[in-house]
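First the structure, in the form of structure tokens, and then the observations on it.
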2 protein chains.
Amino acid sequence: MKEIESTLQNKGIRPTAMRMLIYKFMAEKNSAQGLSDLELAFTKADRTTVYRTLKTFEEKGVVHQIDDGTGVLKYALCEPGCRCDIERDLHLHFHCNACDKTICLTEHKIPHINLPDGFIAEDANLVVKGICDSCSTY
Amino acid sequence: MKEIESTLQNKGIRPTAMRMLIYKFMAEKNSAQGLSDLELAFTKADRTTVYRTLKTFEEKGVVHQIDDGTGVLKYALCEPGCRCDIERDLHLHFHCNACDKTICLTEHKIPHINLPDGFIAEDANLVVKGICDSCSTY
DNA sequence: ATTAAAATGCACTTCTGTTGCACGGCTTTT
DNA sequence: AAAAGCCGTGCAACAGAAGTGCATTTTAAT
């Protein structure tokens with residue numbers, strides 16, 4: 001818990017109890033979490049607080065937003081070395097159609113794409129859908 | 001207009017006036033359209049009608065849905081030869097941060113991705129964001 | 001301890017997508 | 001031609017998620 005506190009401080013975030021709990025919760029999950037997931041996990045807290053906490057985390061490069069195509073935005077902790085606050089880390093995301101979880105495949109970077117003349121790429125988002133390793137081993 | 005009529009019929013869609021107008025509208029655009037875009041273009045018609053028309057088009061493989069990360073679903077006509085109704089056409093989509101348009105780069109297929117053991121890919125979505133050719137030529 | 005700033009909670013709004021129901025026209029059947 | 005039924009359309013209302021304004025509490029600094 002002390003580690004979390006210093007982690008947040010290093011990122012320029014005041015480590016309140018709420019923020020540390022949310023950070024801890026997300027660190028324990030191996031899949032990306034939606035606002036409603038956190039809402040359910042922290043019924044004592046208000047939706048807005050969770051919402052703004054995520055926004056703060058995102059601004060400071062603690063989490064990154066994932067649009068996995070389900071219609072709800074997900075959030076996942078950034079990898080230790082990532083400079084999400086400066087430049088997007090272009091790893092791909094995997095959404096399992098069975099368990100409905102979305103996970104970061106941080107080792108798998110989005111390949112370079114050749115665009116037609118005149119097109120300038122600034123960012124990219126790749127989501128692969130299918131069956132994850134947990135669900136495929138039955 | 002006669003062409004549109006037979007196109008729809010070939011896809012198993014009854015060619016009503018509304019449907020032909022919507023098809024025509026989308027065919028004239030080179031960018032993907034959201035529900036609200038069509039809503040604005042057809043103020044005489046009801047939102048629900050446009051919505052259900054798109055759903056019908058999608059089911060029958062006339063249009064495909066695009067999640068470009070803006071939070072609103074877009075639709076674009078499928079290419080002549082595409083078998084969207086059977087198997088997804090994995091071309092990539094480009095979203096322009098300047099003009100906010102989303103277009104299909106049908107020539108650019110999503111490259112094959114090597115996934116970790118146990119992961120099975122069924123579908124993929126790749127959206128590149130940046131500046132489109134129209135906006136970059138100033 | 002006092003004060004200022006930041007975080008939290010409550011209520012409300014907006015936007016998008018979606019569904020239920022009723023009306024009306026077109027098609028089909030007799 | 002009349003009757004029956006299907007299908008498209010429109011109206012209304014709902015649901016879920018994201019976002020905002022303001023009052024209150026908590027935290028940090030002096």
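The values are calculated or read from the model by the stated rules, or taken from the named source; none is laboratory data. Predicted, not measured: the structure shown is a model, and the values here were computed from it. Note that we place each Cβ from the backbone using ideal geometry, even for glycine, and neighbour counts take in every protein chain shown. Protein only, heavy atoms only, side chains kept; ligands, DNA and RNA dropped before computing areas. Shrake-Rupley method; radii C 1.70, N 1.55, O 1.52, S 1.80 Å.
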Q.
Within region B:60-75, does at least one residue satisfy the condition of being part of a helix (DSSP H, G or I), touching a helix residue (DSSP H, G or I) at 6+ places or on another chain (Cβ under 7 Å), open to solvent by less than 50 Å² (accessible area, probe 1.4 Å) and near DNA strand C (Cβ under 10 Å from one of its atoms)?
A. no
(Q) Can you tell me which of (1) touching a residue at least 24 places away in the same chain (Cβ under 8 Å); (2) of a type in the set (S, T, N, Q); (3) within 14 Å of another protein chain (Cβ to nearest Cβ); (4) open to solvent by 30 Å² or more (accessible area, probe 1.4 Å) is the one B:S31 doesn't meet? (A) (4)
Q: Please specify each residue of region B:81-103 satisfying the condition of being more than 8 Å from chain A (Cβ to nearest Cβ), in a loop (DSSP other than H, G, I, E, B) and over 14 Å from the mean Cα position of the chain (by Cα).
A: B:G81, B:I86, B:E87, B:A98, B:C99, B:D100
Q | Test for A:G34: is it near DNA strand D (Cβ under 8 Å from one of its atoms) and either under 10 Å from the mean Cα position of the chain (by Cα) or aliphatic (A, V, I, L, M) (or both) | A | yes
**Q.** Of residues in region B:13-28 being assigned to a helix (DSSP H, G or I) and free of Cβ contacts under 8 Å to residues at least 12 places away in the same chain, the one nearest to DNA strand C (Cβ to nearest atom)
**A.** B:A17
(Q) Please go through region A:13-28 and give me each residue that is open to solvent by 50 Å² or more (accessible area, probe 1.4 Å) and within 15 Å of DNA strand D (Cβ to nearest atom), ordered by number. (A) A:R14, A:T16, A:A17, A:R19, A:L21
Q: Go through region A:46-58 and give me each residue that's away from DNA strand D (no atom under 12 Å from the Cβ) and surrounded by fewer than 19 Cβ atoms within 10 Å (Cβ to Cβ).
A: A:T56
(Q) Looking at A:T53, A:T43, A:T106 in this structure, which one is more than 7 Å from chain B (Cβ to nearest Cβ), polar (S, T, N, Q) and part of a loop (DSSP other than H, G, I, E, B)? (A) A:T43
**Q.** Among the residues listed as B:R47, B:R19, B:R52, B:R83, the single one being among the basic types (K, R) and closer than 30 Å to B:D133 by Cα
**A.** B:R83
Q. Can you find a residue in region A:116-123 that is surrounded by fewer than 16 Cβ atoms within 10 Å (Cβ to Cβ), modelled with pLDDT of 95 or more, part of a loop (DSSP other than H, G, I, E, B) and within 16 Å of DNA strand C (Cβ to nearest atom)?
A. no
Q: Go over the candidates B:G118, B:G61 one by one and state the one that is free of Cβ contacts under 8 Å to residues at least 60 places away in the same chain and facing chain A (nearest Cβ under 7 Å).
A: B:G118
Q: Please tell me if A:N10 is away from DNA strand C (no atom under 13 Å from the Cβ), open to solvent by 30 Å² or more (accessible area, probe 1.4 Å) and over 22 Å from A:I110 (Cα atoms).
A: yes
(Q) Restricting to region B:34-45, and then to whatever is aliphatic (A, V, I, L, M) and more than 6 Å from DNA strand C (Cβ to nearest atom), can you tell me which residue is most open to solvent (accessible area, probe 1.4 Å)? (A) B:L40
